Amino acid sequence: MSHIKRPILKLIQQFVPVVMILFITAGIAVAQSYYHSPNDTLISNTTVNNSVTMNITQVHPTNDTLQFVWKKLSVSMPNDWTATICDNNTCFPSLIDSSTTLPVLPGDDGLMLVHCYPNTNAGTGMIRYTIYEIHSPLQVDTLTWIINAESTVGISESVSINPAYTIIGDQFQLTDSKSEFTNLTLLDLNGKEVFSSSISASICLEMPLLPAHFYYLILSGNNTIIRQKIWYSIN
């Protein structure tokens, strides 16, 4: 019997690596078969009493059929703002927690859409959802919509106020010991996130080494968000 089992065992040993390579290759192909357009982060400027609609499409140039699962990550908006979210299947009446899109067939694109109405309150809102393709659950992207609404009679205090912080060298520090900001995000001028970290008033945060340039600095926490365009250089 042993002379029969050995060839079978050898055949299995040769077959398993091939299957694993095919499986990994297939996973990579799915993971690389779409991209977010125009970007995974959108910034829109508006005025109070004017709504904005912002689309992020999952461009799908291959012959695969894709399907996406999306889930709310965080929402920070001024009081009285309203917002809704849509995918390629349904426009929901609010920013629901999660859902699954309809299958995206070859030749079609996926869709994630946010509609926001600031009512009469000027300020900045940020809406973030995670999204992944069902065949690649480990490849999770974060979609971010940032809405800046200004007053028609001047920028409101919530936008124009300078948050109490300092950046000295590569160290970021909140100078207000009672600050309620808990997150810091840096975006480039195209709206792409280049750095994100949790923060607190009791610690100094080491900032990343980035090319000297203008960036959007966003501080958020406790339903408050402030955005500033800054020149950033630690050289």
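The values are calculated or read from the model by the stated rules, or taken from the named source; none is laboratory data. Fair warning: this is a prediction, and the values are worked out from it, not measured in the lab. Cβ placement follows ideal geometry from the backbone for every residue including glycine, while neighbour counts extend to all protein chains displayed.
Residue pairs whose Cβ atoms lie under 6 Å apart, separated by 6 or more positions or on different chains, with the first residue in the stretch 103-123 and over 16 Å from Trp70 (Cβ atoms) and the second charged (D, E, K, R) and surrounded by fewer than 18 Cβ atoms within 10 Å (Cβ to Cβ), are Asn119/Asp80; Asn121/Asp80.
Taking the stretch 173-217 as the search range and keeping residues that are of a type in the set (Val, Ile, Thr) and outside any loop (DSSP other than H, G, I, E, B), which one is nearest to Ser76 (Cα to Cα)? If we take residues in the stretch 173-217 being of a type in the set (Val, Ile, Thr) and outside any loop (DSSP other than H, G, I, E, B), then Thr185 is nearest to Ser76 (Cα to Cα). Of all residue pairs spaced 6 or more apart or on separate chains, those with beta-carbon atoms under 7 Å, a first member in the stretch 63-88 that is assigned by TED's automatic domain parsing to the domain that holds Thr120 and a second member that is of a type in the set (Phe, Trp, Tyr) and surrounded by fewer than 16 Cβ atoms within 10 Å (Cβ to Cβ) are Thr84/Phe92; Ile85/Phe92; Cys86/Phe92.
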